[in-house]
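Colleague: Dumping the structure here so I can ask a few things about it.
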Amino acid sequence: MAGRVSLFVTCIVDQLFPRVGLAMADVLERVGWEVEFRRDQTCCGQPAFNSGYWDEARQVARHFLQVFADADYIVVPSGSCTSMITHHFEELFASDPAALEEVRSLRSRVWEFSQFLLEVAGVEDVGARFERVVTYHDSCHALRELKIKEGPRRLLRRVRGLELREMEIAEECCGFGGTFSVKFADVSGAMAETKIDSILRTGAEGVVSIDSSCLMQIRGALERRAPGVETWHLAEVLASQ
Amino acid sequence: MRPIPVESLRATLSNQPLEEAIYASTRRLMEKRAASIPEHLREDFQKWREQAHRIKRHTLENLDYYLELLEDRLRARGGKLVYARDGAEVARFITEVAKERGVRLVVKSKSMTTEEIHLNEWLEREGIETVETDLGEYIIQLAGERPSHIVAPALHKTRYQIADLFHEKLRVEREEEPEKQTLIARRVLREKFLSAGLGVTGANFVVAESGSIAIIENEGNARLCSSLPPIHIAVAGIEKLVPRARDLAVFFKLLGRSGTGQPLTVYTSLLTGPRREGEIDGPEEFYLVLLDSGRTKVLAEPRRRESLYCIRCGACLNHCPVYRKIGGHNYPWVYSGPIGAIITPQFHGMEKDWWLPFASSLCGACGEVCPVKIDIPRILLDLRAEAVREKIRSGEARLERLAFRLWAWVMTHPKVYEAAGLFNLALRDDESGWKDTVPGVFHAGPLKEWLRFRKLPAPPAKTFRDLWAARRQKEALEE
Amino acid sequence: MSADDVREEILAKVRSAIGRERGRPAPEPPEPLLEVPEMLLQQRVEQFSAALEKLSGKAHVAETAEAARALVEELISQRSAIASNSPLLREYGIASLPGVFTGYTDAAELKEACASADVGITGADYALADTGSLVTLSAPGEARIISLLPPVHVALVPRDRLLTGLDELFTVLPDPAEQTSSMVIITGPSRTADIEQILVKGVHGPRMLHAILV
């Protein structure tokens, strides 16, 4: 065993896309890591933080700190939630030196799934086979806060049978943005349409991303326009054999 | 607090030609910017951004010192510095100068600061004809609209609309070619330039140590406004200062590339006071009006002070997926896009414009391109928290607050969280796949809004934690 | 409220916003990042020409005064031209070419003449290789509007004033205000893209720009 990782299965994955969590565990085990799941975990606090309810976000973030206090590595199937923990917790605990210390220690322990594979586990080929034509959507927080751009593409290129076709506007936001997608449903919907136009122009059979929330937005809109086009979390593609 | 202007947003989104005009123009501007920062310049470009940020920060943290220095140096060069607390004071000063000298016609070059205070309306009310001379601004003035973009004010207009406009307002043949339209404007405006008694410009930068202003432009109209009339008045915000002339190099390199993808704009003027002994042309009098109008309020907020570093390049607008859908006119003030979303509520207060910081998917594209590295996404978040505090104070967020409190309670009590199966309560049924409706009682609020444009995943029969427990159990049995 | 009171009020607000006391000096500002690369003259000339031509201007090199004169004559080609009172233009005999009006000392007359002339001829104090720019400093011999009102602008610039770029300009001239009331960096002919982002040249200033390196 290479070591032990603790999964942080985000609330969206836990409730709506549990297969993504299982797929992530499969891949991690396959490349030699021991996987644990701490059942007391819930959420990173991002929904409240992004909505301006920082007191409530702080409570939930503190719960996260408690649950994962002694975990060596925490792996997350989401760029957005990872970034919340590694980039925004500091803001929440700015006036709490003790918590701040813990938050800073998290930076080297919390990893987005694809980054963990490449930078900690040091694997690029996880032995996957997935015979589909896919396009890749850069999720915003992964791209701009975690600087994840090439990593997931490198992993995808090693998947047997897979063809990666870039869309023109891979880096443009899908329009999800949490509560933005309901507060400004029309604008968010229009943004999704633009994204979908670009996806459909590639002729790919589906879209891959490392954030289930983006995929929920993209798929939700695709279902209305092109129900045959699928969405997969990177973990699902890498778990497939 | 005011509701989100949903109807107006909807009207824009369903206006197909407008949507295409905005999206295509901003895309073109994005491409031009990218092309002007080729691979071999990327590293330098990041260094320039850092440097520009540092200079702005230093200047604002010592602003009173630089303001006083500027006043001295400008006086020594024969110019005069005038302070104004608001738009009315700017207008009053310009009107006084114009009336004293018998000026009836004022030519203006593009300036966001004068747009901000509606200078033209003030002057027109005093009977002083005021003509915008930047082509885009001229179009907008003829149409009686306001600019929809910081750099390209007529970005929302097509050439066909402009053809109609010129035909109607200038009584010329209908002309659809941008080149010929430009010639028409050149001819009309040339006459104005030659007879104007006063030129008003903005200033992109104000150099404290030299008493100079810098103006960046492509058309030459700002040069004409500042060279031909006997009086030149420049209007700028107090935040536009930099310490020394040599600090400008880095800003010039950033501004042209970020705004229009030009390594340098066509005309970069550094003007210091009126014409000097022996010079044949140039203004005989020069005034620099520095405007507060809310800026000192922003300055006093250290967490958001950097909002004042903005050099008005428009890059954040061009890269913002929200701006690119809703255009400039849905923003309540002349500053639109991400920078408008952060400065408008800071200048005008939360009461009216609280929703602006929420009109963002927080994608971060704005912060990534900002040439002076304003952390716009962080300030958006900060303002959201401020808006919530304000709403709680005014008792308007009771229900929302209750919901988040309940949410936090559930999320800090794992057993409750498991039992609640948050999403699933509303959605779970025996069907699988994606749903376009939910049971009546739940078809309200957020779910209803979501379903207007998208389907929702039907939640699986088991959550991850259930499946995980089952998997571990099975593994244990197999061993 | 008097102008002085407004001034005092704003300065007081600024000081209170940033927590400073009246009259305190500022610490040294960050060092400017000015980098001047080593570049041979020939290289600079090539870079300058390429950059200017990309902007649809034209760069010429004239080895002698005669060549410069002949070139200007050709560029004017029988049209009406106005030359600034620059000593450089006199020295090169450009001011005395047939069809060239010069020697204006009255603002109104100059304005009228420039408004109807086809070509404006000026000197330039510097040129910038990397951006293809001309740098003009207004002076008694160098009016502002000759480079601006006529549809064609021709500028002469001594070759040894061809700098590598902006950084070198601000190294050579750290405070332009000491020398001139108006420094203008001209980078290509006047242009706009205000209508549908379509590029149009010659909106208020010249449509065509010729730079002659002498």
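The values are calculated or read from the model by the stated rules, or taken from the named source; none is laboratory data. Everything quoted here is computed from the prediction, not taken from an experiment. Positions of Cβ are backbone-derived with ideal geometry, glycine not excepted, and every protein chain shown enters the neighbour counts. Areas reflect the complete protein model, heavy atoms only, side chains present, ligands, DNA and RNA absent. Shrake-Rupley method; radii C 1.70, N 1.55, O 1.52, S 1.80 Å.
Colleague: Take the alpha carbon atoms of segment B:301-393, find their radius of gyration, then divide it by 2.2 N^0.38 Å using N residues; give the quotient.
Modeller: So the Cα radius of gyration is 0.98 times the expected 2.2 N^0.38 Å.
Colleague: Taking all protein chains in place and a 1.4 Å probe, what share, in percent, of the accessible surface of segment B:399-478 do carbon and sulfur account for? Please list the in-between numbers first.
Modeller: Numbers: 2960 of 4790 Å².
That share works out to 62 percent.
Colleague: To the nearest 100 Å², how much accessible surface do chains C and B cover up together, summed over both, with a 1.4 Å probe? Numbers along the way, then the final one.
Modeller: Values: alone 12710 and 25000 Å², together 30320 Å².
Adding both sides of the contact gives about 7400 Å².
Colleague: Here's another thing I want to ask about it. For segment B:340-357, what does the Karplus curve 6.51 cos²θ - 1.76 cosθ + 1.60, with θ = phi - 60°, yield as ³J(HN,Hα) per residue in whole Hz, taken in order and with x for Gly and Pro?
Modeller: These are the phi-based 3J(HN,Hα) values: x, 5, 8, 8, 4, x, 6, 7, 9, x, 6, 2, 7, 10, 4, 6, 4, x Hz.
Colleague: In vacuo Debye scattering of segment B:1-114, one point per C-alpha: log10 I(q)/I(0) at q = 0.11, 0.21 Å⁻¹?
Modeller: Evaluating at q = 0.11, 0.21 Å⁻¹ gives log10 I(q)/I(0) of -0.87, -1.13.
Colleague: Among all helices in chain A defined by DSSP H, which have a length of 15 Å or more along the axis from Cα atoms plus a Kyte-Doolittle mean of at least 0.0?
Modeller: Values: long enough: A:18-30 (18 Å, 0.27); A:54-67 (19 Å, -0.61); A:185-202 (26 Å, 0.11); A:212-225 (19 Å, -0.30).
Long hydrophobic helices here: A:18-30, A:185-202.
Colleague: Kindly write out, for segment B:243-256 in residue order, the coupling ³J(HN,Hα) from the Karplus curve 6.51 cos²θ - 1.76 cosθ + 1.60 (θ = phi - 60°), rounded to whole Hz, with x marking Gly and Pro.
Modeller: For segment B:243-256, the Karplus curve yields x, 10, 4, 6, 5, 5, 3, 5, 5, 4, 5, 6, 5, x Hz.
Colleague: PRE reach from B:GLU100 (point 7 Å along Cα→Cβ): which of segment B:267-293 fall under 16 Å by backbone N?
Modeller: The answer is B:274, B:284-290, whose backbone nitrogens lie closer than 16 Å to the label point.
Colleague: Taking θ = phi - 60°, what integer Hz values does the Karplus form 6.51 cos²θ - 1.76 cosθ + 1.60 yield along segment C:42-58, in sequence order, with x for Gly and Pro?
Modeller: 4, 4, 4, 4, 5, 5, 4, 4, 5, 5, 5, 5, 4, 8, 6, x, 9
Colleague: Grab the Cα-Cα distance for B:ARG2 and B:GLU351, subtract it from 0.36 nm times how many residues apart they are, and report the gain in nm with one decimal.
Modeller: Contour length minus Cα-Cα distance gives 124.9 nm.
Colleague: Here's something else I'd like to know. I want the local charge near A:GLY161. Using Cβ-Cβ distances under 15 Å, sum +1 for each Lys or Arg and -1 for each Asp or Glu among the other residues. Provide the component values of the computation, followed by the final result.
Modeller: On the way: positive: A:ARG129, A:ARG132, A:ARG157, A:ARG158, A:ARG160, A:ARG165; negative: A:ASP125, A:GLU131, A:GLU163, A:GLU205, A:GLU236.
Combined, the nearby Lys, Arg, Asp and Glu give +1.
Colleague: Considering only protein heavy atoms, what per residue accessible area in square angstrom results for chain B with a 1.4 angstrom probe?
Modeller: Heavy-atom accessible area per residue stands at 38 Å².
Colleague: Here's something else I'd like to know. Quick one: order A:ASP70, C:ASP106, C:ASP125, B:ASP64 from most to least accessible surface, probe 1.4 Å.
Modeller: Working: A:ASP70 110, C:ASP106 65, C:ASP125 45, B:ASP64 0 Å².
Accessible-area ranking of A:ASP70, C:ASP106, C:ASP125, B:ASP64, largest first: A:ASP70, C:ASP106, C:ASP125, B:ASP64.
Colleague: Once label points are set 7 Å from the Cα along Cα→Cβ at both A:ARG153 and B:ARG187, what is their separation, rounded to one decimal in nm?
Modeller: Roughly 5.1 nm, to one decimal.
Colleague: Continuing with the same structure: How shielded is C:102-112 by partner chains, expressed as the average number of their Cβ atoms within 10 Å of its Cβ atoms?
Modeller: The per-residue average across the peptide is 2.
Colleague: Now, a different point. For peptide B:362-369, compute the average count of partner chain beta-carbon atoms within 10 Å of each residue's beta-carbon.
Modeller: If you average over the peptide's residues, the count of other-chain Cβ atoms is 6.
Colleague: Convex hull over the Cα atoms of segment B:399-478, averaged projected area in nm²? Write down the numbers at each step before the final one.
Modeller: On the way: hull surface 27.8 nm².
The directionally averaged projection comes out at 7.0 nm².
Colleague: If you split all Cα-Cα distances of segment A:133-239 into 10 Å bins from zero, what percentages do you get per bin, shortest first?
Modeller: The distribution over segment A:133-239 is 15, 52, 29, 4, 0, given as percents.
Colleague: A follow-up question, please. Within segment B:202-277, report the GluC sites (Glu not before Pro) that DSSP leaves as loop and that have at most 12 other Cβ atoms within 10 Å.
Modeller: Of the GluC sites (Glu not before Pro), the ones in loops of segment B:202-277 whose Cβ has at most 12 other Cβ atoms within 10 Å are B:GLU277.
Colleague: Carbon and sulfur together cover what percent of the accessible area of segment A:1-92 at a 1.4 Å probe radius? Intermediate results must be reported in sequence, preceding the final value.
Modeller: Details: 1250 of 2700 Å².
Roughly 46 percent, rounded to a whole number.
Colleague: Mind jotting down the distance between the C-alpha centroids of segment C:28-90 and segment A:36-97, whole Å?
Modeller: Going from one Cα centre to the other spans 61 Å.
Colleague: Ok, one more. Rounded to two decimals, what is Rg over Rh for chain B when you use alpha-carbon atoms and the Kirkwood radius? Show your work: numbers first, answer last.
Modeller: Values: Rg = 26.8 Å, Rh = 25.2 Å.
On the Cα set of chain B, Rg over Rh gives 1.06.
Colleague: Under a straight-distance cross-link criterion of Cα-Cα below 12 Å, which aspartates and glutamates are reachable from B:LYS352, leaving out those fewer than 8 residues away in the same chain?
Modeller: Partners within reach: B:GLU390.
Colleague: Using modelled amide H (1.01 Å from N, peptide plane; none on Pro or chain starts), what sits under 5 Å from the amide H of B:GLY237, excluding residues fewer than 5 places away?
Modeller: Close amide H contacts, sequence-distant or interchain: B:LEU291.
Colleague: Now for a different question. Do the sum for chain B: with -39,500 (n - 2.57) for every DSSP H run of n ≥ 4, divided by all residues, what is the mean residue ellipticity at 222 nm, to the nearest 500 deg cm²/dmol?
Modeller: -15500 deg cm²/dmol
Colleague: With Cβ to Cβ distances under 10 Å as the rule, what net charge do the other residues near B:TYR335 carry (K, R +1; D, E -1)?
Modeller: Summing Lys/Arg as +1 and Asp/Glu as -1 gives -1.
Colleague: Between B:ARG471 and B:LYS415, what is the spin-label point distance in nm, taking each point 7 Å from the Cα along the Cα→C-beta axis?
Modeller: 2.6
Colleague: Calculate, in whole percent, how much of the Cα-Cα pair population of segment A:3-120 lies beyond 25 Å.
Modeller: 18
Colleague: If you don't mind, there's one more thing I want to ask. Could you tell me which of B:VAL369, B:GLY294, B:CYS310 has its Cα farthest along the dipole of segment B:259-376 towards the positive end, charges placed at Cβ (Lys, Arg +1; Asp, Glu -1), taken about the Cα centre?
Modeller: So the residue furthest toward the plus end is B:VAL369.
Colleague: Scaled to the compact-protein estimate 2.2 N^0.38 Å, what is the alpha-carbon radius of gyration of the protein assembly as shown, rounded to two decimal places?
Modeller: The reported ratio for this selection is 1.04.
Colleague: Give the average, rounded to an integer, of partner chain Cβ atoms located within 10 angstrom of each Cβ in A:172-183.
Modeller: For this peptide, the per-residue mean of nearby foreign Cβ atoms is 6.
Colleague: OK, next. In whole angstrom, how far apart do the alpha carbon centroids of segment B:24-88 and segment B:226-286 sit?
Modeller: If you average the Cα positions of each part, the centres end up 12 Å apart.
Colleague: A follow-up question, please. Which of the trypsin sites (Lys or Arg not before Pro) across segment C:4-59 are loop residues per DSSP, with 11 or fewer other Cβ within 10 Å?
Modeller: Working: sites: C:ARG7, C:LYS13, C:ARG15, C:ARG20, C:ARG22, C:ARG44, C:LYS54, C:LYS58; in loops: C:ARG20, C:ARG22.
Passing sites in segment C:4-59 are C:ARG22.
Colleague: Let me ask another. Where in segment C:167-198 is the amide nitrogen less than 19 Å from a point lying 7 Å along the Cα-to-Cβ axis of B:GLU277?
Modeller: Backbone N within reach: C:177-182.
Colleague: With label points built 7 Å along Cα→Cβ from the Cα atoms of C:GLU31 and C:ARG69, find their separation and express it in nm.
Modeller: Distance between the two pseudo-spin positions: 5.0 nm.
Colleague: A further question on this structure: Taking the Cβ-Cβ separation of A:GLN66 and B:ALA35 as r and a Förster radius of 45 Å, what is the calculated FRET efficiency to the nearest 0.05?
Modeller: 0.35
Colleague: Debye calculation, C-alpha points only, no solvent: report log10 I(q)/I(0) for chain C at q = 0.10 Å⁻¹, in the same order as the q values.
Modeller: Calculated log10 I(q)/I(0) at the listed q: -0.54.
Colleague: Hey, another quick one. Identify all lysines with a Cα-Cα distance to B:LYS240 below 24 Å; exclude those on the same chain that are fewer than 8 residues away in sequence.
Modeller: Excluding near neighbours in sequence, the set is B:LYS47, B:LYS56, B:LYS80, B:LYS108, B:LYS110, B:LYS253, B:LYS297, B:LYS373, C:LYS13.
Colleague: If you don't mind, there's one more thing I want to ask. Calculate how steeply helix C:65-76 sits against the longest principal axis of the alpha-carbon atoms of chain C, using the helix alpha-carbon long axis, and give the answer as 0 to 90 degrees to the nearest 10.
Modeller: Roughly 90 degrees, rounded to the nearest 10.
Colleague: Tell me, which cysteines of chain B are without a disulfide-compatible partner by the Cβ under 4.7 Å rule?
Modeller: Here B:CYS225, B:CYS310, B:CYS313, B:CYS320, B:CYS370 come out as lacking a disulfide-compatible partner, given the Cβ-Cβ threshold of under 4.7 Å.
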